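**Student:** Pasting a structure below so you can have a look.
The values are calculated or read from the model by the stated rules, or taken from the named source; none is laboratory data. The shown structure was predicted, so the numbers you read here are calculated from the model rather than taken from an experiment. Neighbour counts run over all protein chains shown; Cβ positions are idealised from the backbone, glycine included.
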Amino acid sequence: MTQTSSLHTLARRAGAATPPVVAARVRGLSDRAVAWLFITPTMLLLLAINVFPLIWTIRLSFTNYRANRPNAPLRWVGLENYTSILSDPDVWHAMQTTAHFVVWSITLQVLLGFGLALLINRQFRGHGLWTTVILLPMMLSPAVVGNFWTFLFQPQTGLFNHVVAFVSGRDPSSFQMIGDVTLAPWAIVLVDTWMWTPYVMLICLAGLRSIPDDLYEAAEVDRAGPFRRFWSITLPMVLPFLMLAVLFRGIENFKMFDMVNLLTSGGPGSTTEVASITLKREAFEKWRTGYSSAFAVILFVTVFGLANIYVKVLNGVKQR
Amino acid sequence: MSARSGRSRRWPRVLRRRPWENAATATIGAGAAMLMQPFSLDLYGWSFAVILAGTAAFLVVSHFPE
């Protein structure tokens with residue numbers, strides 16, 4: 001009661017302190033109008049930096065525009081850019097390279113991340129320290145990761161080559177992780193797995209912590225063995241979280257650019273040229289802006305479609 | 001409450017959200033697989049149309065009632 005009256009006093013004082021001109025303008029506004037007043041600047045900013053460029057890109061994708069020749073006459077080419085992208089074997093190859101990168105990195109991240117989460121979920125001495133150590137790679141910038149793994153992969157001086165040489169007995173300079181046509185696609189998978197396994201582990205850990213202990217106790221009463229408990233309780237309960245991790249990493253890796261560009265720049269040849277690097281080359285090396293806009297639209301629609309599935313799975317996890 | 005249930009009553013039973021959303025999701029997934037598969041250039045050529053159709057369908061059917 002006292003609180004209400006003091007709030008009223010405070011409101012009266014604030015009202016008295018408001019300049020008459022401002023007060024006259026604001027007094028007649030409804031709650032909805034005030035809400036619109038607050039969100040309008042944000043919406044305008046979003047329209048300017050997200051929606052307008054998107055609409056402009058869609059428009060450019062139907063033209064022969066080249067950014068290095070801004071004064072050249074603009075020709076409307078219809079769906080020509082789209083048809084040439086969707087029948088180009090080089091772009092198809094880039095998509096396959098992307099698929100190799102996405103599928104293998106996600107498979108490894110899920111297996112390792114889930115395994116680590118199962119280990120970290122147990123209580124042991126130094127549990128907090130190990131969790132922090134495992135999470136460290138995820139906190140680094142992809143640019144930093146790309147640069148220092150380039151040094152680690154150096155054939156003469158790289159630590160990675162020397163460790164492999166120590167284990168396998170081979171000469172460290174006998175193989176090049178980022179210079180070899182066979183090994184380079186695996187090098188980017190390895191680095192991405194090293195960096196993002198902790199993220200998958202975190203999501204799996206959240207799933208494991210959400211399983212009620214009663215279920216395991218009931219399983220023990222029913223004399224279920226460790227494998228049976230894992231198969232019938234742990235895996236089904238963590239599965240929605242795993243799906244979430246797979247979709248999120250899938251979307252991120254589908255549009256991966258920075259780390260791959262710093263590690264291999266798409267080379268040797270075009271063996272690690274993922275879709276985003278092809279897009280960058282078309283847009284800023286060949287200056288085919290209209291063509292690359294169409295390619296960007298294709299990638300955008302794919303990511304948007306996958307994001308819809310992601311939101312659907314996320315809602316399923318929330319409802320649990 | 002009554003208006004909402006009235007709307008659900010008027011809505012055709014076939015157009016429930018869940019199965020249509022699942023179908024749209026499957027279409028998007030199939031399109032993404034077609035985009036990145038290494039077997040057929042023709043499948044790759046049709047992938048964008050399939051993804052676009054799936055995404056548009058998802059946007060529409062996600063507004064269907066449960």
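**Student:** Being facing chain A (nearest Cβ under 10 Å), outside any helix (DSSP H, G or I) and either in contact with a Phe, Trp or Tyr (Cβ under 8 Å, 6 or more places away or on another chain) or over 30 Å from A:VAL274 (Cβ atoms) (or both) is the filter here; which residues of segment B:9-58 pass it?
**Tutor:** Answer for segment B:9-58, where residues must be facing chain A (nearest Cβ under 10 Å), outside any helix (DSSP H, G or I) and either in contact with a Phe, Trp or Tyr (Cβ under 8 Å, 6 or more places away or on another chain) or over 30 Å from A:VAL274 (Cβ atoms) (or both): just B:GLN37.
**Student:** A:ILE309 passes all but one of (1) within 14 Å of A:ASN68 (Cα to Cα); (2) among the β-branched types (Val, Ile, Thr); (3) at the interface with chain B (Cβ under 10 Å from one of its Cβ atoms); which number fails?
**Tutor:** Tallying (1) within 14 Å of A:ASN68 (Cα to Cα); (2) among the β-branched types (Val, Ile, Thr); (3) at the interface with chain B (Cβ under 10 Å from one of its Cβ atoms), A:ILE309 fails exactly one: (1).
**Student:** Among A:LEU262, A:LEU299, A:LEU314, which is the only one that is more than 14 Å from chain B (Cβ to nearest Cβ) and out of contact with any Pro (no Cβ under 6 Å at 6 or more places or on another chain)?
**Tutor:** A:LEU262
**Student:** Ok, one more. State whether the residues of segment A:244-259 include one that is over 27 Å from A:GLY305 (Cα atoms) and either assigned by TED's automatic domain parsing to the domain that holds A:ALA307 or modelled with pLDDT under 90 (or both).
**Tutor:** no
**Student:** Search segment B:15-29 for residues being surrounded by 12 or more Cβ atoms within 10 Å (Cβ to Cβ) and in contact (Cβ under 8 Å) with a residue 40 or more places away in the chain, and hand back the single one that is farthest from the chain's Cα centre (by Cα).
**Tutor:** B:ARG16
**Student:** Another question about this same structure. A:LEU152 is checked against (1) within 14 Å of chain B (Cβ to nearest Cβ); (2) aliphatic (A, V, I, L, M); (3) more than 26 Å from A:ALA245 (Cα to Cα) and fails just one. What number does that condition carry?
**Tutor:** Of (1) within 14 Å of chain B (Cβ to nearest Cβ); (2) aliphatic (A, V, I, L, M); (3) more than 26 Å from A:ALA245 (Cα to Cα), only one is false for A:LEU152: (1).
Residue-by-condition table, conditions (1) part of a helix (DSSP H, G or I); (2) in contact (Cβ under 8 Å) with a residue 60 or more places away in the chain:
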residue	(1), (2)
A:GLN176	no, no
A:THR182	no, no
A:ILE188	yes, yes
A:TRP196	yes, yes
A:LEU205	yes, yes
A:ASP214	yes, no
A:GLU217	yes, no
A:ALA224	no, no
A:PHE227	yes, no
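**Student:** What single numbered condition from (1) farther than 22 Å from A:HIS100 by Cβ; (2) more than 10 Å from chain B (Cβ to nearest Cβ) fails to hold for A:ASN253?
**Tutor:** Unmet for A:ASN253, out of (1) farther than 22 Å from A:HIS100 by Cβ; (2) more than 10 Å from chain B (Cβ to nearest Cβ): (1).
**Student:** Exactly one of (1) assigned by TED's automatic domain parsing to the domain that holds A:THR302; (2) touching a helix residue (DSSP H, G or I) at 6+ places or on another chain (Cβ under 7 Å); (3) farther than 18 Å from A:ASN253 by Cβ is unmet by A:ARG125. Its number?
**Tutor:** Every listed condition holds for A:ARG125 apart from (2).
**Student:** Answer with yes or no whether A:ASP192 is part of a loop (DSSP other than H, G, I, E, B), over 25 Å from A:VAL317 (Cα atoms) and either in contact with a Lys or Arg (Cβ under 9 Å, 6 or more places away or on another chain) or in contact (Cβ under 8 Å) with a residue 40 or more places away in the chain (or both).
**Tutor:** Answer is no for this residue.
**Student:** With a cut-off of at least 2 residues that are polar (S, T, N, Q) and surrounded by fewer than 16 Cβ atoms within 10 Å (Cβ to Cβ), name the helices (runs of 4 or more DSSP H) lying wholly within segment A:233-320.
**Tutor:** Passing ranges, in order: A:289-319.
**Student:** Residue by residue through segment A:90-105, note down the ones that are small (Gly, Ala, Ser), within 11 Å of another protein chain (Cβ to nearest Cβ) and touching a residue at least 40 places away in the same chain (Cβ under 8 Å).
**Tutor:** Passing the criteria: only A:ALA94.
Let's see how each residue does on (1) surrounded by 13 or more Cβ atoms within 10 Å (Cβ to Cβ); (2) touching a helix residue (DSSP H, G or I) at 6+ places or on another chain (Cβ under 9 Å):
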{"site": "A:PHE151", "(1), (2)": "no, yes"}
{"site": "A:THR157", "(1), (2)": "no, yes"}
{"site": "A:GLY179", "(1), (2)": "yes, no"}
{"site": "A:ALA184", "(1), (2)": "yes, yes"}
{"site": "A:ALA187", "(1), (2)": "yes, yes"}
{"site": "A:MET195", "(1), (2)": "yes, yes"}
{"site": "A:TYR199", "(1), (2)": "yes, yes"}
{"site": "A:LEU208", "(1), (2)": "yes, yes"}
{"site": "A:ASP213", "(1), (2)": "no, no"}
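**Student:** Oh, and also: If you go through segment A:88-105 one residue at a time, do you hit one that is assigned to a loop (DSSP other than H, G, I, E, B), more than 28 Å from the chain's Cα centre (by Cα) and not β-branched (Val, Ile, Thr)?
**Tutor:** No.
**Student:** Please enumerate the residues belonging to segment A:48-89 that are more than 10 Å from A:ALA294 (Cβ to Cβ), surrounded by 13 or more Cβ atoms within 10 Å (Cβ to Cβ) and within 14 Å of another protein chain (Cβ to nearest Cβ).
**Tutor:** A:SER87, A:ASP88
**Student:** Now a separate question. Could you please tell me which pairs satisfy a Cβ distance under 6 Å, a separation of 6+ or placement on different chains, a first residue in segment A:147-161 that is modelled with pLDDT of 90 or more, and a second residue that is small (Gly, Ala, Ser) and assigned to a loop (DSSP other than H, G, I, E, B)?
**Tutor:** Every condition considered, the pairs that remain are A:LEU152/A:GLY158.
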